[in-house]
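Worksheet: one structure, shown below.
The values are calculated or read from the model by the stated rules, or taken from the named source; none is laboratory data. Note that the structure is predicted; figures quoted are calculated from it, not measured. Cβ atoms come from the backbone with ideal geometry, glycine included; neighbour counts cover every protein chain shown.
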């Protein structure tokens, strides 16, 4: 029987990973200490998810552990080393805005803890596939240097920039750009994951994700825009659009589709790979378009505030170029389109914080 280690196991991606592998019959050890509540307040807590997963799956073991606790994580990997068939590292400080308020702590959680986890993997299970949930923020605002056309509800890449016509490729530069503090901590971890693959010959992959979503997302103002937007729409709360006239574009991938991509890599791992991963050209939406989707479902106009000053280092437009991953793993398909993503978010019912 295989064993999967999942860090950040109570979060959106982590919990989807736990469900995926537990339903396949694998044993899963989840490492999580509900740090999200410390970052963003009680409304962002994922403690309920840890409890629900423990109740639902007898083959799931929850470990209340800070990702920075080297000794405790070492004890887990050392004890189970020969049984581990995959490590999926989703634990992180995930907010662009929060990182700027505590850069050292953000770096410790995102970069240093990842390095330590890689070293433990190299020591105790060096042939085990290692998946890292990275971010499109590693590219910084270099993406904004392209030419965009302003349309009625969105910005769109100009036809003259055919290099980005399928979305942003992995060959886009991460240098000479403003990343945000969060982007730098994740880029540092991303590079180290690649290096442990290429230098030490470990089977590692960085999945540089755009927006990840799903009904189990505890979205808050500082992180998880689509989930938080739907929450505001359902509960008739005001929502603030920050910059770009509300026409900024994001691709969105459902957490279960992302985990299926992780699983494809674990089944056929490669060395030191990088994949841009998101909804791509199939599933993307601007802020104005997402608001319209919400209003159509609630039957009422949202209360929208507009802040003209954009976040430092923020993207005008992000769509992931998925061609590299699809070439390596041609059997992978996304099950969720944009309508199904919104349906899934709204099916959770009226919610309040």
Query raised in the report: Within the stretch 310-331, can one find any residue that is farther than 29 Å from residue 173 by Cα, at pLDDT 95 or above and in contact with a helix residue (DSSP H, G or I) (Cβ under 7 Å, 6 or more places away or on another chain)?
Result: no
Query - Single unsatisfied condition, residue 170 versus (1) in a helix (DSSP H, G or I); (2) touching a helix residue (DSSP H, G or I) at 6+ places or on another chain (Cβ under 8 Å); (3) within 20 Å of residue 275 (Cβ to Cβ) - result: (1)
Report summary line: Taking the stretch 128-147 and keeping residues surrounded by fewer than 19 Cβ atoms within 10 Å (Cβ to Cβ) and either in contact with a strand residue (DSSP E or B) (Cβ under 7 Å, 6 or more places away or on another chain) or within 16 Å of residue 193 (Cβ to Cβ) (or both) leaves 146
Query raised in the report: Where in the stretch 50-156 are there strands (runs of 3 or more DSSP E), lying fully within it, with 3 or more residues that are free of Cβ contacts under 8 Å to residues at least 60 places away in the same chain?
Result: 60-64
Requested in this report: Kindly list, by first and then second residue, each pair from a residue in the stretch 245-271 that is on the phi < 0 side of the Ramachandran plot and without any contact (Cβ under 8 Å) to a residue 60 or more places away in the chain to a residue that is buried (at least 19 other Cβ atoms within 10 Å of the Cβ) and assigned to a helix (DSSP H, G or I), limited to pairs with Cβ atoms under 7 Å and residues at least 6 apart or on different chains.
Outcome: none
Query raised in the report: Among the numbered criteria (1) surrounded by fewer than 13 Cβ atoms within 10 Å (Cβ to Cβ); (2) touching a residue at least 40 places away in the same chain (Cβ under 8 Å); (3) part of a loop (DSSP other than H, G, I, E, B), which single criterion is violated by residue 301?
Result: (2)
Query raised in the report: Is the stretch 283-295 home to any residue that is surrounded by 14 or more Cβ atoms within 10 Å (Cβ to Cβ), in a loop (DSSP other than H, G, I, E, B) and more than 22 Å from the chain's Cα centre (by Cα)?
Result: no
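Tell me yes or no: at least one residue of the stretch 31-40 is part of a helix (DSSP H, G or I), under 24 Å from residue 80 (Cα atoms), modelled with pLDDT of 95 or more and in contact with a strand residue (DSSP E or B) (Cβ under 6 Å, 6 or more places away or on another chain). Steps first, answer last, please.
Residues of the stretch 31-40 part of a helix (DSSP H, G or I): 35-40.
Applying the additional criterion that residues be under 24 Å from residue 80 (Cα atoms) yields none.
Among the residues of the stretch 31-40, not one is part of a helix (DSSP H, G or I), under 24 Å from residue 80 (Cα atoms), modelled with pLDDT of 95 or more and in contact with a strand residue (DSSP E or B) (Cβ under 6 Å, 6 or more places away or on another chain), which makes the answer no.
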Requested in this report: Select from the stretch 156-168 the residues that are in contact with a strand residue (DSSP E or B) (Cβ under 7 Å, 6 or more places away or on another chain) and surrounded by fewer than 19 Cβ atoms within 10 Å (Cβ to Cβ) and write down the one among them that is nearest to residue 191 (Cα to Cα).
Outcome: 164
